[in-house]
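Some notes on the structure that comes next.
Bear in mind these aren't lab numbers, they're just calculated from the coordinates by the rules spelled out. Not measured: the values here are computed from a predicted model. When we count neighbours, we look across all protein chains shown, and the Cβ atoms used for this are built from the backbone with ideal geometry, even at glycine.
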Amino acid sequence: MKAFVLLVLVLGSSVAVGQTPAPVIPSAEDQIAATIQALPEELRTGAAVLGYGADGKLTELRKGTNELVCLADDPKDNRFSAACYHKDLEPFMARGRELTAQGITGGNRNAEYRWKEIKEGKLKMPREPRMLYVLSGKGYDPATKKVTDGSVRWVIYIPFATAESLGLSATPKRGEPWLMDAGTAGAHIMITPPLKQ
């Protein structure tokens, strides 16, 4: 009998070792509450929110009334990251998700793929300035409704803008906007305002 119990335990543990536990999917209410904190308060109630259903697949959690789309934190990632953006940036954002699913992540690799595709005309980028709001941190606490160690970045995409054309520095300065990827299809202004939760 002891040998049988031991065999069952060994077999059970060998199956468990090869499996990755399914990520915990927060409720739609918690996903929405966490995600919209990336936005200034006056824009939060009107934004559409894309999040994750019980099956782990991306779905629309809330319809919007303005032109903003918010993407909830991916429960498969260890760190918390949510993004809200103008609807015209959806092809750019969706392509980023596709590349991530293909394992193209880390540093600027994902962005570099997209800049290249934009330059080649394979991926469309709005010509008008469009906003992206990013909220990141260690995690979201539904009890306090706050993101732990949270920080916000606001990004204004202005394809092919230069530091000279905008009168901005290309060197990051604390509390001031600066230009990244100047002169490219991915040129954008970076702003790091204080987080208000």
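What the table below lists for this structure:
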quantity	calculated
Alpha-carbon spread of the chain, three principal axes, descending order, Å	80, 38, 32
Inter-probe distance in nm under a simple model that places probes 7 Å from Cα toward Cβ, at Asp149 and Ala170	3.2
For the chain, size of Cβ-based charge dipole, Lys and Arg +1, Asp and Glu -1, in debye	280
GNM top mover of Ile158, Ile104, Ile36 - the chain, alpha-carbon springs below 10 Å	Ile104
Potential extension, Lys196-Glu29 segment - 0.36 nm per residue separation minus Cα distance	58.2 nm
Under DSSP loop assignment and at most 15 Cβ neighbours within 10 Å, longest GluC sites (Glu not before Pro)-free interval of the chain	121-197
Karplus 3J(HN,Hα) series, Hz, for segment 143-155 with 6.51 cos²θ - 1.76 cosθ + 1.60 (x for Gly, Pro)	5, 9, 6, 10, 8, 5, 6, x, 9, 10, 10, 10, 10
Spin-label proximity, Asn78 to segment 86-125 - amide N less than 20 Å from point 7 Å beyond Cα toward beta carbon	100-110
Helical contribution to [θ] at 222 nm, DSSP H n ≥ 4, -39,500 (n - 2.57), averaged over the chain, rounded to 500	-8000 deg cm²/dmol
Top of Ala54, Ala161, Ala185 by mean-square fluctuation, Gaussian network on the chain, Cα under 10 Å	Ala54
Loop-resident sites, segment 71-146, for trypsin sites (Lys or Arg not before Pro), counting at most 13 other Cβ within 10 Å (DSSP)	Lys76, Arg79, Lys122, Lys124, Arg127, Lys138, Lys145
Whole-angstrom gap from segment 20-34 to segment 44-84, using each part's C-alpha centre	10
Cut-off under 5 Å, modelled amide H: who pairs with Leu61 long-range	Val49, Leu50, Gly51
Most mobile listed residue (Gly64, Gly175, Gly186) in the chain, GNM with C-alpha springs under 10 Å	Gly175
Residue-span extension gain [Arg109 to Ala22] - 0.36 nm each, minus C-alpha spacing	28.6 nm
Length gained when the stretch Lys119-Thr162 is fully extended (0.36 nm per residue, less Cα-Cα span)	13.8 nm
